[in-house]
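Trainee: Take this structure, written in structure tokens, and hold onto it; I'll ask about it next.
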Amino acid sequence: MKIQNVLFTKGVTGFFFDDQAAIKKGAPQDGFVYTGKTCTEGFDQIRQAGECVSVMLVLENGLVAEGDCAAVQYSGAGGRDPLFIAEDFIPVIMRELAPLYLGREITSFKEMAAIADSRVNSATGKILHTAIRYGLTQACLDAVAKSQKTLMAKVIANEYGLVLSDKLIPIFSQSGDDRYTNPDKMILKGSQVLPHGLFNNVQDKVGTNGEKLAEYVKWLGERIVKLRPVSEYSPVMHIDVYGTLGIVFDNDLEEITNYLGTLELIARPFSLRIEGPVDMGEREAQIEALAALRKLVDGRKIRVEIVADEWCNTYEDVVAFTDRKAGHMAQIKTPDLGGINNTIEAVLYCKKNGMGAYLGGTCNETNRSAEICAHIAMATVPDQILAKPGMGVDEGFMIVFNEMSRILALS
């Protein structure tokens, strides 16, 4: 079966692009927006509407394979590709990729994905933006599945020698700034990992001595006990602090370890994960810091898992963090890896080498990319999958839960 036509259209995502550097520097909030000067190249304002490019591969039989090119909320931060503006990148996709797929015979996913994922921009000499490779490879997976009349998850399982999961993958819900209301929704819906929390500012959210975060962990534990529908419900607390513990404790890993020990006691009986405790500004320093922090935490038998995020962007980054034991779990932030073939390989590498695999992504994705990630999850079986897109909890949880449930019923 051949690809008869290739179409692209501008779309909107489930959240916004945020200038992380400006927010970390204390940009004041005015309602939903931030005020002040931007710090990251490409941003016109600190918070601006998220955009995507929808890819449609029209097949000979009239079916349409779809994928969405999307980038993370904090584009341009932590070594990531720059802001993804649809009108800037649609011409690039049409020039660089559309001719390679138009009229092409559909073969295997690996072969089809490699075309987009390895493509160099002829105008810049650099590999194409991660968002472009992300969306095109989604559409490739869908095209192969439609040509074979099977599930996308089964295509992945067949090509990588995997067995589909016989149960749903644990879902991680994120609250956004509404960290005191949205957890109620998560608890009532039985989210197995919560609440993310968006602790990206020291003064207002973490506290200059970490006291506000500690108070929050205490409140969250009490809230779970009060609202949980059954006593057996015991979700993992997973909190993203965006490197702010490094700011609070001046990157003193001993002090951070002491603080994590305090948080663990407060969180009991619930397990605790802390994502991005420090941000050292570049990959090698980040790996060294998280490896040392893991060693300190493990040596003192503190039951807190460190989750790598900043500077752990590409497949090669995930491998490097895993090999050096830089944290207990790696967030595989799907848009940052470019082609979803890299996401698949990253999950499998983590599992093979003793690193927790968090199939993540961003609130700034779309329903389509989230559905396709559900297929990746059911085939590769990571430790958890992010409920996405958006920050409203219900929508992202519904999309991921329902798609995994359909896969389970059809497999």
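Trainee: Could you list, in sequence order, the residues of segment 97-139 that are closer than 13 Å to G338 by Cα, crowded, with 16+ Cβ neighbours inside 10 Å and not small (G, A, S)?
Mentor: Listed by number, the residues that qualify are I115, D117, R119, L128, H129, T130, I132, R133, Y134, L136, T137, Q138.
Trainee: Okay, moving on. Going residue by residue through segment 363-386, is there one that turns out to be farther than 23 Å from A65 by Cα, of a type in the set (D, E, K, R) and outside any strand (DSSP E or B)?
Mentor: Within segment 363-386 (the criterion being farther than 23 Å from A65 by Cα, of a type in the set (D, E, K, R) and outside any strand (DSSP E or B)), the answer is yes, since at least one residue qualifies.
Trainee: May I ask you to verify whether K10 is basic (K, R), more than 28 Å from H375 (Cβ to Cβ) and surrounded by fewer than 18 Cβ atoms within 10 Å (Cβ to Cβ)?
Mentor: no
Trainee: Another question, if that's okay. Can we say I224 is part of a strand (DSSP E or B), under 26 Å from the mean Cα position of the chain (by Cα) and either closer than 30 Å to A21 by Cβ or not charged (D, E, K, R) (or both)? Lay out the reasoning, then the answer.
Mentor: Numbers: part of a strand (DSSP E or B): no; under 26 Å from the mean Cα position of the chain (by Cα): yes; either closer than 30 Å to A21 by Cβ or not charged (D, E, K, R) (or both): yes.
In short, no.
Trainee: Suppose we keep only residues that are touching a Phe, Trp or Tyr at 6+ places or on another chain (Cβ under 7 Å) and either free of Cβ contacts under 8 Å to residues at least 40 places away in the same chain or surrounded by fewer than 21 Cβ atoms within 10 Å (Cβ to Cβ) (or both) within segment 84-96. Which one would you say is nearest to C39 (Cα to Cα)? Walk me through it before giving the result.
Mentor: Taking segment 84-96 as the starting set, the residues that turn out to be touching a Phe, Trp or Tyr at 6+ places or on another chain (Cβ under 7 Å) are 90, 93-94.
From what is left, the residues that are either free of Cβ contacts under 8 Å to residues at least 40 places away in the same chain or surrounded by fewer than 21 Cβ atoms within 10 Å (Cβ to Cβ) (or both) are 90, 94.
Details: I90: 26, M94: 31 Å.
So, considering only residues that are touching a Phe, Trp or Tyr at 6+ places or on another chain (Cβ under 7 Å) and either free of Cβ contacts under 8 Å to residues at least 40 places away in the same chain or surrounded by fewer than 21 Cβ atoms within 10 Å (Cβ to Cβ) (or both), the one nearest to C39 (Cα to Cα) is I90.
Trainee: Which residue pairs have Cβ atoms under 8 Å apart, sit 6 or more places apart or on different chains, and have a first residue in segment 50-72 that is on the phi < 0 side of the Ramachandran plot and a second that is part of a strand (DSSP E or B) and basic (K, R)?
Mentor: E51/K10; C52/K10; V53/K10; S54/K10; L59/K2; E60/K2
Trainee: Only one of these is within 26 Å of the chain's Cα centre (by Cα) and not hydrophobic (A, V, I, L, M, F, W, C): G103, G62, G36, G67. Name it.
Mentor: Answer to the selection: G67.
Trainee: Limited to segment 249-270, what total is found for residues that are outside any helix (DSSP H, G or I) and either outside the structural domain of V217 (by TED's automatic domain parsing) or closer than 16 Å to L290 by Cα (or both)?
Mentor: 4
Trainee: Which members of segment 19-41 meet the condition of being of a type outside the set (D, E), part of a loop (DSSP other than H, G, I, E, B) and either in the same structural domain as V202 (by TED's automatic domain parsing) or surrounded by 15 or more Cβ atoms within 10 Å (Cβ to Cβ) (or both)? Explain how you work it out, then say what you get.
Mentor: Step one: list which residues in segment 19-41 are of a type outside the set (D, E), which gives 20-29, 31-40.
Now drop any that are not part of a loop (DSSP other than H, G, I, E, B), which leaves 25-28, 31-32, 35-40.
Scanning segment 19-41 gives A27, G36, T38, C39, T40.
Trainee: I've got another one for you. Examine segment 39-58 for a residue that is of a type in the set (F, W, Y), under 24 Å from the mean Cα position of the chain (by Cα) and closer than 23 Å to A370 by Cα, and state whether such a residue exists.
Mentor: No.
Trainee: Quick check on this structure: which one of A21, A65, A70, A77 is within 21 Å of W311 (Cα to Cα) and at pLDDT 95 or above?
Mentor: A70
Trainee: Quick one: how many residues across segment 178-218 are more than 27 Å from I376 (Cα to Cα) and in contact with a Gly (Cβ under 9 Å, 6 or more places away or on another chain)?
Mentor: Looking only at that region, the number is 12.
Trainee: Can you name the residue in segment 146-160 that is in contact (Cβ under 8 Å) with a residue 60 or more places away in the chain and not hydroxyl-bearing (S, T, Y) and is also farthest from M237 (Cα to Cα) among such residues?
Mentor: The extreme case among them is K146.
Trainee: Further question: From the list T40, T107, pick out the single residue that is out of contact with any strand residue (DSSP E or B) (no Cβ under 6 Å at 6 or more places or on another chain), more than 21 Å from M152 (Cα to Cα) and of a type in the set (V, I, T).
Mentor: Of T40, T107, the one residue that is out of contact with any strand residue (DSSP E or B) (no Cβ under 6 Å at 6 or more places or on another chain), more than 21 Å from M152 (Cα to Cα) and of a type in the set (V, I, T) is T40.
Trainee: Here's another thing I want to ask about it. Report the residue count in segment 161-183 for those that are more than 18 Å from D204 (Cβ to Cβ), surrounded by fewer than 17 Cβ atoms within 10 Å (Cβ to Cβ) and either touching a residue at least 24 places away in the same chain (Cβ under 8 Å) or in the same structural domain as T362 (by TED's automatic domain parsing) (or both).
Mentor: 3
Trainee: Charged (D, E, K, R), assigned to a loop (DSSP other than H, G, I, E, B) and farther than 25 Å from I127 by Cβ, is that true of K351? Quick ask: steps written out before the conclusion?
Mentor: Values: charged (D, E, K, R): yes; assigned to a loop (DSSP other than H, G, I, E, B): no; farther than 25 Å from I127 by Cβ: yes.
So K351 does not fit the description; no.
The values are calculated or read from the model by the stated rules, or taken from the named source; none is laboratory data. Quick caveat: nothing in here was measured; it's all calculated off a predicted structure. Backbone-built Cβ (ideal geometry, glycine too); neighbour counts: all protein chains shown.
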